[in-house]
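The values are calculated or read from the model by the stated rules, or taken from the named source; none is laboratory data. All values reported here derive from a predicted model rather than from experimental measurement. Here the Cβ positions follow ideal geometry from the backbone for every residue, glycine too, while neighbour counts run over all protein chains shown. Each accessible area value is taken on the protein alone, full model and side chains, heavy atoms only, with ligands, DNA and RNA left out. Shrake-Rupley method; radii C 1.70, N 1.55, O 1.52, S 1.80 Å.
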Protein chains: 2
Amino acid sequence: MRDLFSFLPEERVLVDREDLLLYSYDATPAKRYPLAVVRPKSKGEVVEIVKAASRHGLSLVARGAGTSLSGAPVPCEGCVVVDFTLMDRIIEVDEANAFVAVEPGVVYEELNRALAKRGLFFPPDPGSGSVCTLGGMVAMNSSGIRAVKYGTTRDYVASLEVVLASGEVLRLGGRYKKSASGYDLKSLFVGSEGTLGLFTEIGLHLVPKPGRRAAMTASFDSFEKAARAIASAVAARADVAVLEFMDSSVVKAVEGFSGMRLGSAEALVLAEVEGSGGEVEGEIRRLAEIFRGAGAEVELAFEEAEIAELWRARKAALPALARVAETLLLEDITVPVSALPQMMRRIGRLAEKHGVRIATFGHAGDGNLHPTFLISSEEELARARAAIEELFRECLTLGGTLSGEHGIGVEKRPYIELEHGAAVQVMREIKRALDPEGIFNPGKIF
Amino acid sequence: MRDLFSFLPEERVLVDREDLLLYSYDATPAKRYPLAVVRPKSKGEVVEIVKAASRHGLSLVARGAGTSLSGAPVPCEGCVVVDFTLMDRIIEVDEANAFVAVEPGVVYEELNRALAKRGLFFPPDPGSGSVCTLGGMVAMNSSGIRAVKYGTTRDYVASLEVVLASGEVLRLGGRYKKSASGYDLKSLFVGSEGTLGLFTEIGLHLVPKPGRRAAMTASFDSFEKAARAIASAVAARADVAVLEFMDSSVVKAVEGFSGMRLGSAEALVLAEVEGSGGEVEGEIRRLAEIFRGAGAEVELAFEEAEIAELWRARKAALPALARVAETLLLEDITVPVSALPQMMRRIGRLAEKHGVRIATFGHAGDGNLHPTFLISSEEELARARAAIEELFRECLTLGGTLSGEHGIGVEKRPYIELEHGAAVQVMREIKRALDPEGIFNPGKIF
């Protein structure tokens, strides 16, 4: 293996089993050792890696921080992992055009810390933001709690430099605000999960960092009331930056884990409004009225310290759940917001029918739910798998999509045709046109 | 011809020369008669048309209102035009999800009139909005004066139903707010200028119709000052819905045409701020300060009647220019906003160097300029063609793109490789994968 990549210094080609272990998994149960790991530091090295892999019939799996919840960066059989974490330079912050160019290994929160000094902000805000890389975010079209206001990573990608399977380097897009010139290849690469090419540079449009924010928690004595309140807030065009939901299982787990008092609510909603001035207070109060009218007990926060305290509950959700079961299967469906109440009822019915424990939280404002299956035995796992397949069918019946922000990877690959039908064949044809030998991340998505 | 399309009633297959004349051109000088025009009323008929064309080796050119400024819907040699104007139903307005489904022949302003009753709004606002169709807008990724705040058509396309060259029907996307599931085929079809498939249904995300607006005109005694003022406003993150520029040639033409008094300004800027409440007045006053500080005479308008009066000048720009020359060549370059002053200076130099008249207006807030060549003789046309090629090179040197909102069509096809380089080959490969016989709009884009 080292011979194939002799253009790299020895310490950047890993072949020892203990080194490879760290690259064998992501945040899903999937696991496989790669043949080797290469750690490029430049575009030139990435081109050489692709050419070497192509010459020797090896496949390549791109990897950032490995926080994927879909199995996308888990090594495929006999592959080489391309670890991008050493390509972590912020290349240029262009304040006049509200644009930044980065290498793919830059970490999300580090980028935002650097941008904050200039009053700028890249908003998608994934849960893994403190460690995940921009390359991974672009490959997966990641987002998080702020997508309800700001959209997903794809909405911010201004330009991409991509190494194709041929070794050729494409430069797509630019720092201009709009274009009607040629096919939108850039959007095609965003969310392609490493199957079409390797990113060596990413350009992002940025937004001004909002100056003011206010937050709200609303607790409900019934899950139905919460679901209807969320749908009303969305229908009333509430200008929320965040609108999160937690069901009673999550609330109880958080209370047990953090010692916070959440009034043992049957459902908890957390919201945030942000902007530049007085409209922030007006909007959070309007939102509070909607939620009170729907039967919630509401608490508002205007100071940063109070807001941070409200957020402790939401941030504790995943670690708290991880304590009440051996394994978590974190799902990621999205439905039209009007279908949220129905979807939530169906999740309840599925849990009963299959005898599984499901704790649900998620980005309710944009219809993105994370029903989380709590697994402590092989039997429970088997029942959960059956329930998950039914969950996907129900979500699609309601006009939803299999993934809001985690991608397809290997986890949802068996279901891709359920959602996309004949379009999967078109995806395969595009893959074949761009990567005829199939060297990039085979076995993912479809 | 009628035999091939015998599944359509006779009056919806046009073959007489006087009927075909109406389908032989768009808003560019290009012109060619098609073999026939077919006018489907349903998805089923569109599928039959594609199958018939494929069987008989005919190519198909989709057409909405024919307002294109790039030649995209101008018939290619020996083609059949598919006129979508009879497929003009608004299929469903889904208020709860802020979503609308339409057939491709629906007219932009008619859609917004229907949506206004529900407090909803589809913002891209092209200049031809009173007649252009949604199918055309999606095919070209159109936009207009509001793109600076709201983005382009692509940002709003939630779902597409597309008939492929095989006759197969794809359904892409949905009315959910976000997805990380599979390749983004939807964005690939948006802006593909009728070369990849025919749209039979379009789903759009909508936004709340803003309740309040305020407008500003700023007149300058020098073009340089105006250019710098615009760059300052953008750098100050002014939250403008509209930020338009007109140079002295446009100002003079408008004064002559409309009788308006614009103080014979050397440059005129028009801006609009919109929102839900008090922040609107604050923001327009902040903008006015920036422009006064840059040496402008500023006028503000808060009442609808006053705002409409300010807008008369901008709306008169194109008809006014059409009166001072026999032919207009309307260009559509976009540069990063920081490069606007430089781009404007270079346009002035090009006019001098080539001895051509160029009047420039455009959507300065997003860097999209329409340098308009005023042509009254063959010699002037030849000089303009030379200047335009140089204009494109200068725009690309400044990090720009060949088209902000009009597309490539036939007009800019010779220059597509200048902008996209090796990516054009990837576009061609995708075209070949989806439309191997090349039946859809051959000879456009590349």
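So the values come out like this:
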quantity: Label 7 Å beyond Cα on the Cβ vector: B:L418 copy-to-copy distances, nm; calculated: 5.1
quantity: Helical contribution to [θ] at 222 nm, DSSP H n ≥ 4, -39,500 (n - 2.57), averaged over chain B, rounded to 500; calculated: -10000 deg cm²/dmol
quantity: Three principal axis lengths of chain A [C-alpha, angstrom, descending]; calculated: 67, 56, 42
quantity: Ranking by accessible area, most exposed first, for A:K186, A:K444 with a 1.4 Å probe; calculated: A:K186, A:K444
quantity: Selection from A:Y25, A:S166, A:V269, by position along the positive dipole direction of the protein assembly as shown (Cβ); calculated: A:S166
quantity: Distance between modelled label sites at B:S42 and A:V131, nm, 7 Å Cα→Cβ extension; calculated: 5.7
quantity: Three-way shape label, region B:325-419, alpha-carbon gyration tensor, a/c 1.5; calculated: prolate
quantity: Placed amide H near A:S68: partners under 5 Å, 5+ positions off or other chain; calculated: A:A27
quantity: Cα-derived Rg over Rh, computed across the protein assembly as shown with Rh taken as Kirkwood radius; calculated: 0.97
quantity: Residue order for B:S376, A:S142 - accessible surface, 1.4 angstrom probe, largest first; calculated: B:S376, A:S142
quantity: Considering only region A:2-83, percent of DSSP beta bridges that pair antiparallel, nearest 5; calculated: 25
quantity: Karplus-derived HN-Hα couplings along region A:401-410 (A = 6.51, B = -1.76, C = 1.60, θ = phi - 60°), whole Hz, x at Gly and Pro; calculated: 9, 5, 9, x, 8, 9, x, 9, x, 9
quantity: Other-copy label distances relative to A:A305, 7 angstrom Cα-Cβ extension, nm; calculated: 5.5
quantity: Nearest-20 debye value, region A:325-419 charge dipole, Cβ charges on Lys, Arg, Asp, Glu; calculated: 300
quantity: HN-Hα J in Hz across region B:227-233 - Karplus 6.51, -1.76, 1.60, θ = phi - 60°, x for Gly and Pro; calculated: 4, 5, 4, 4, 4, 5, 4
quantity: Gyration tensor (Cα) of region A:248-327, equivalent ellipsoid semi-axes in angstrom; calculated: 27, 15, 10
quantity: For B:G367, net neighbour charge (Lys/Arg +1, Asp/Glu -1) across residues whose Cβ lies under 10 Å away; calculated: +2
quantity: A:L21 accessible area, assembled protein chains, probe 1.4 Å, Å²; calculated: 60
quantity: For region B:52-63, 3J(HN,Hα) per residue [Karplus equation, 6.51 cos²θ - 1.76 cosθ + 1.60, θ = phi - 60°, Hz, x = Gly/Pro]; calculated: 5, 4, 5, 4, 9, x, 9, 9, 10, 10, 6, 9
quantity: Accessible surface of B:I375 - all protein chains present, 1.4 Å probe, nearest 10 Å²; calculated: 10
quantity: FRET E, pair B:R285, A:A116, Förster distance 30 Å, beta-carbon r, rounded to 0.05; calculated: 0.65
quantity: Lys, Arg +1 and Asp, Glu -1 on Cβ, resulting dipole of chain B about Cα centre, debye, nearest 20; calculated: 540
quantity: B:A214 long-range amide H proximity, modeled H, under 5 Å; calculated: B:V273
quantity: Per-residue SASA entry for B:E299, accessible area with 1.4 Å probe, Å² rounded to 10; calculated: 110
quantity: Label geometry 7 Å along the beta-carbon vector: A:E77 inter-copy distances in nm; calculated: 5.0
quantity: Equivalent ellipsoid semi-axes - Cα gyration tensor, region B:394-434, angstrom; calculated: 20, 12, 8
quantity: Convex hull volume of region B:123-238 per residue (C-alpha atoms, cubic angstrom); calculated: 162
quantity: Span per principal axis, largest first, for the Cα atoms of region A:262-380 (Å); calculated: 54, 30, 25
quantity: Only Lys, Arg (+1) and Asp, Glu (-1) charged, at Cβ; the protein assembly as shown dipole about Cα centre in debye; calculated: 340
quantity: Dimensionless Rg/Rh of region B:2-83 - Kirkwood Rh, Rg from C-alpha atoms; calculated: 0.95
quantity: Probe 1.4 Å, all protein chains present, accessible-area order of B:H363, B:H56, largest first; calculated: B:H56, B:H363
quantity: Counted charge near B:V426, where neighbours are those whose Cβ lies closer than 14 Å (Asp, Glu -1; Lys, Arg +1); calculated: -1
quantity: 5 angstrom amide H check on A:L120, placed H, neighbours 5+ away; calculated: A:K209
quantity: Listed residues A:L170, A:L328, A:L22, most fluctuating in chain A (Gaussian network, C-alpha, under 10 Å); calculated: A:L22
quantity: Length released on extending from B:L21 to B:R292, taking residue separation times 0.36 nm less the Cα-Cα span; calculated: 92.4 nm
quantity: Euclidean distance of C-alpha centroids, region B:59-108 and region B:133-174, integer Å; calculated: 10
